[in-house]
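FYI, it's all coordinate maths here, none of it is from the lab. All values derive from a computational prediction rather than experimental measurement. All Cβ positions, even for glycine, are placed from backbone atoms using ideal geometry, and neighbour counts span all protein chains on display.
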Amino acid sequence: LVVLGIETSCDDTAAAVVRSNGEILSQVVSSQADLLVRYGGVAPKMAEEAHSLVIDQVVQEALDKAKLTEEDLSAVAVTIGPGLSLCLRVGVRKARKLAGAYALPIIGVHHMEAHALVARLFQSDLQFPFMAFLISGGHNLLVLARDLGHYIQLGTTIDDAIGEAYDKTAKWLGLDMRKSGGPAVEELAREGSHETAQRLQFLLCSDAAIHVAEASEEDRKARADIAASFQRVAVLHLEEKCERAIEWAMEIEPSVKHLVVSGGVASNQYVRSRLNKIIEKKGLQLVCPPPSLCTDNGAMIAWAGIEHFRMGRYDPPPPACEPEDAVLDLRPRWPLGEELAQGRSEAR
Ligand code: ATP
Ligand code: FE
């Protein structure tokens, strides 16, 4: 199988071609970082326009880099949710147009499931069941992956997702956001120490960093300390939740051996090493894909598509000339799995 994956759920337009043996033939990502800097966040209408401008080119480039044409594809996979519906629409339209023109089956992919499943692309012997901690721009999601399409949600955030907290902190520290906020905070944190961590501990993470940052705009060392402190406190929260979730998961599935950490924030070295300590202490192995597969990318969508396609879960090719106003199967709000934590008194 050779599958094209298309991703437009948020601010990156991405496409990739992946073989079912796990070979990534191409990966193209066009980022809207410039827009993010200019407008300080993702404005859906603007993001939609940016996706529309580059989608054809990104897909073409993915095919060219893979040295393939549309005729060589077995199927097209596309993110249908969760995400911004205006943005999802751009990717889904492109996927349906292509699938219609070349009579290709189409696979609608859950973006967060793809963040988790990409670990099986990276590590081909990773079997179900496994745990996944998905930490990204929009989610802190702890799940027990029992099987393909069968996830039990162990925990989620009631506040900002950690990636968003990193982005806000970067903004308030006045950092260069062109590569997104997380990497900028990580870099600055290396120069600092977490001596202000105590002050941040009581106020929650990013909001606390904002207050402290205002007091020290000029002083790089002070700002590096804030970045380091923010990082320490934010990751402490992750560690606690991770540890508790492992205990629950082991009650349900004692055979779990691996914990996948994925999503944009999993690119962070400090996050990886701190979580790895907890995971090892609990007797599990960490599986953390490389940063290019942790942040939004088309390969994870293609791979999730391959996994579902193999199980016979796909839609037949759409009509060759679908009307522009055709109703699309978009799922902007689409929970992954059932919620287990809600019924537990110790859930938070
Ligand atoms: P979601 O997957 O929840 O829909 P998203 O797709 O927008 O959100 P991702 O692309 O998975 O998010 O991750 C982007 C987030 O990861 C951003 O908030 C970014 O700041 C953060 N991030 C990326 N690299 C790092 C890093 N090195 N350290 C911390 N955060 C990082
Ligand atoms: Fe994502």
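Points to keep in mind about this one:
- Taking 0.36 nm per residue of separation and subtracting the current Cα-Cα distance, fully stretching the chain between THR69 and ARG178 would add 36.0 nm.
- Overall form of the chain per C-alpha gyration tensor (a/c, 1.5; a/b vs b/c): oblate
- Taking every alpha-carbon pair under 8 Å whose residues sit at least 6 apart, the chain reaches a relative contact order of 26 percent.
- Candidate lysines - alpha carbon under 27 Å from LYS67, same-chain residues fewer than 8 apart omitted: LYS94, LYS97
- Backbone HN-Hα couplings from phi across region 313-320 [Karplus 6.51/-1.76/1.60, Hz, Gly and Pro as x]: 9, 7, 9, x, x, x, x, 4
- Spin-label proximity, SER292 to region 8-28 - amide N less than 11 Å from point 7 Å beyond Cα toward beta carbon: 24-28
- Only lysines eight or more places from LYS241 in sequence, or on another chain, were considered; those with a Cα closer than 20 Å are LYS257, LYS277, LYS281, LYS282.
- Once the Cβ-Cβ distance of TRP334 and GLN60 is raised to the sixth power relative to R0 = 41 Å, the FRET efficiency obtained is 0.90.
- Span-like helix criteria (full DSSP H runs; alpha carbon extent of at least 20 Å along the helix axis; mean Kyte-Doolittle hydropathy of at least 0.0) are satisfied in the chain by 85-101.
- Each of the GluC sites (Glu not before Pro) that DSSP puts in a loop and that has at most 13 other Cβ atoms within 10 Å breaks the chain; the longest unbroken stretch is 24-190.
- Legend: calculated FRET efficiency, LYS281 to ASP125, from the Cβ-Cβ distance at R0 = 35 Å, rounded to 0.05, equals 0.90.
- Calculated FRET efficiency for the pair ILE252/ASP325, C-beta based, R₀ 56 Å, to 0.05: 0.80
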